[in-house]
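> This is the structure, below, for whatever I ask next.
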Amino acid sequence: MTMANAEPGTELRRPDGTPVRVLVVDDEPTLAELLSMALRYEGWEVRSAGDGMTAVRTARDFRPDAVVLDMMLPDIDGLEVLRRLRGETPEVPVLFLTAKDSVEDRITGLTAGGDDYVTKPFSLEEVVARLRGLMRRMGHAPMRTESQLVVGDLTLDEDSHEVRRGGDLVTLTATEFELLRYLMRNPRRVLSKPQILDRVWNYDFGGQANVVELYISYLRKKIDAGRAPMIHTMRGAGYVLKPAD
C-alpha cells in the first residue's frame, strides 16, 4: 500500500466549513492506522474502531460523513453495523472493505445498502478517491481558496481555465488542463503515475501508466518549449513541477 498525498486547495468540507469526518472500522490495528493516516493527510477528521459495537457507539457520538467498514469483524459483522448505522443516520455513505475472493460479500454489501467497496489488498489512494466521490455525491463540496494557482512564471485560473507562462497565453485541452492543475496544486512534490491516474483520470485507464507519460509530453511541448523546464521526471518515482531555475 502507498500513502495518499493531500491535494491542497481542494479539501472537502462540511456545510459549516469544518473538515469532513470519516470513521474507519477494521479489526486489523495496522491497517486501521494506515487508513487513518492517509485520510488525515487529506485534511479530514478521522476516528477508528476495531469492532462493530465500538463502531456503532463511535458513530453515534462522532457523526461521521462517511464510513470505511470491514465486512469481517470480531463481534457483529459489517452488515449488522451498516444496519445499525443507517437506523440512526440513513444517508451516511459506507465504503465496504472486502476479501479479494469474496464476490458474495461484495454483492451482499451493496444489496444491503453499501455505497461502494474496495477489495483487499488495496491502495490507500483508491480508498481516498472512492471516499471523495461518495462524499461529493452527498453534497460535500471542495473548499475553494483563490481561483488562481501560481508557480514561478506559470499561472492557472481555475475559474476561467486560462493558463499563462511568462505572460503568454497557453492553450490546453481539458485533460491537459486537469493534469497541469494537479501538478500546480502540488508544486515541488513528486507525484507518482498511479496518483496522477487516480486524480486526473479517475480509474478510466486502469493501470495504463503510459497515458500519463503521453500527456506529460504534451504539456512539456506547451509549457516548457523554448523556456527553462518546469516539469521534471524523477526516474522511478514520478513527476514534479517546480519554478524554473
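The values are calculated or read from the model by the stated rules, or taken from the named source; none is laboratory data. The structure presented is a predicted model; accordingly, all values stated were derived computationally and were not measured. Virtual Cβ from ideal backbone geometry, glycine too; neighbours counted across all protein chains shown.
> Grab the helices (runs of 4 or more DSSP H) fully contained in segment 148-245, keeping just those with 2 or more residues being more than 28 Å from Arg132 (Cα to Cα) and in contact with a Gly (Cβ under 7 Å, 6 or more places away or on another chain). Break it down stepwise before answering.
Working: elements: 174-185, 193-196, 210-223.
So the answer is none; nothing clears 2.
Residue by residue, here is whether (1) modelled with pLDDT of 80 or more; (2) surrounded by fewer than 17 Cβ atoms within 10 Å (Cβ to Cβ); (3) not assigned by TED's automatic domain parsing to the domain that holds Asp65 holds:
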residue: Ser102; (1), (2), (3): no, yes, no
residue: Arg106; (1), (2), (3): no, no, no
residue: Ala112; (1), (2), (3): no, yes, no
residue: Asp115; (1), (2), (3): no, no, no
residue: Thr119; (1), (2), (3): yes, yes, no
residue: Ala174; (1), (2), (3): yes, yes, yes
